[in-house]
Amino acid sequence: MAVNTPPSDQKTSVLDESDEIEITSAHALTAEQEIIVDLHSVINLIGVLHGCLELLQAEMVEGLDNAKSRVYRLSEDIKSAAAQGRQFQLESTFPTFLAAEIESALQADPAIAESDDVIELRETIATVLEVFNVRLGELHERLSHPRAWVRFSTTQLTASIQQVLAAIEQNAHGRYRIVRNIAEQTPRDYQVDLDIASTSGDEFFMPPVLQDVLRDLIANARKYTPPGGRISAGLHSSDEGLRLVVEDNGLGIPRDELQKVVDFGYRASNVLNRRTLGGGFGLTKALWVAKNFGGRMWVRSRIGIGTRVTLFIPSQAGKAVA
């Protein structure tokens, strides 16, 4: 039986308080930028869907023009609405339409539809559309009650994040795995530790948009950590407030750029040539959410060692509860 050799070059974090600064110098976002940041997770999913459709066409699947056009139009409509300073109302029928268009195209050539690569893409698209449906529901609730704190269970939120990790792994198409147990990890895998807890037991309250922040920061950590790395994420609720931490042992951020990495669209100089999906708004959104709810944000980083992002949002007496 083959035995997986543990990663030989995995770094142990030596980040300490001397590497940390509080982020205080962010520029105010325009109305357009606020909308794009708020829709960051949805925009990323649209990008993944477009990429999957391109891959299906590369596998000689025909009849996808309507699907590609709808995805492209949705992206452009969001940008257009944001430029006018208004939220775009996403159609709840979009995932169903896209799934039907793709299946219709695949039925035209059963042989291609049953190839291994196409089956894998179909599974990825199905997972992304499932996540998309969830995001639509979250976004609708958030727009209806933008300042509300909502009741969550630690079990529910943990399952939601694990679903995202599974989708990220599936979209990798075998390039890497995401494992929880270090004993399972090979040099091309990521180990992700996730701990969500509350001093009140299994339930706590938080602004729903904080889910986006946790998901985005974990995804960012994965992007900027080489395979074989480790990512630790935690969310803790207490009487004082909510504390969120995501740490990786990845590429790190130049110290003189720590105050800049939260600026809209800014990418650190040491990763400019690194190809990634997404608009680079993860840290921008984290600070925007923290400030909107009276919180604070710190970044601890060192080149070649890793990055740790911490948010604290204080409990608010008399907060709106949905």
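The values are calculated or read from the model by the stated rules, or taken from the named source; none is laboratory data. Values in this document were obtained by computation on a predicted structure and should not be read as measured data. Note that each Cβ is placed from the backbone with ideal geometry, even for glycine, and that neighbours are counted across all protein chains shown.
For the stretch 187-271, list the strands (runs of 3 or more DSSP E) that sit wholly inside it and hold at least 3 residues that are not aromatic (Phe, Trp, Tyr); which are they?
Working: elements: 190-198, 203-206, 230-237, 241-248.
Counting at least 3 such residues, we get 190-198, 230-237, 241-248.
Scanning the stretch 196-208 for residues that are within 24 Å of His40 (Cα to Cα) and either surrounded by fewer than 19 Cβ atoms within 10 Å (Cβ to Cβ) or without any contact (Cβ under 8 Å) to a residue 12 or more places away in the chain (or both) returns Phe205, Pro208.
Going by the conditions given, is Pro146 farther than 18 Å from Leu244 by Cβ and either of a type outside the set (D, E, K, R) or in contact with a helix residue (DSSP H, G or I) (Cβ under 7 Å, 6 or more places away or on another chain) (or both)? Here the answer is yes, as Pro146 does meet what is asked. Evaluate the following for Ala82: is it farther than 26 Å from Glu123 by Cα, touching a residue at least 24 places away in the same chain (Cβ under 8 Å) and either assigned to a helix (DSSP H, G or I) or among the aliphatic types (A, V, I, L, M) (or both)? The answer is yes for Ala82.
Filtering the stretch 134-155 to residues that are in a helix (DSSP H, G or I) and at pLDDT below 90 leaves Val134, Arg135, Leu136, Gly137, Glu138, Leu139, His140, Glu141, Arg142, Leu143, Ser144. Apart from one condition, Glu169 fits all of (1) surrounded by fewer than 19 Cβ atoms within 10 Å (Cβ to Cβ); (2) without any contact (Cβ under 8 Å) to a residue 24 or more places away in the chain; (3) not hydrophobic (A, V, I, L, M, F, W, C); the exception is (1).
What is the residue count in the stretch 219-272 for residues that are aliphatic (A, V, I, L, M) and modelled with pLDDT of 95 or more? Quick ask: steps written out before the conclusion?
Our first condition is that a residue be aliphatic (A, V, I, L, M); within the stretch 219-272, this holds for 219, 221, 231, 233, 235, 242, 244-246, 251, 253, 258, 261-262, 268, 271-272.
Still in the running and modelled with pLDDT of 95 or more: 231, 233, 235, 242, 244-246.
Qualifying residue count, the stretch 219-272: 7.
Scan the stretch 1-55 residue by residue and report those that are at pLDDT 85 or above and of a type in the set (Gly, Ala, Ser). Result: Ala31, Gly47, Gly51.
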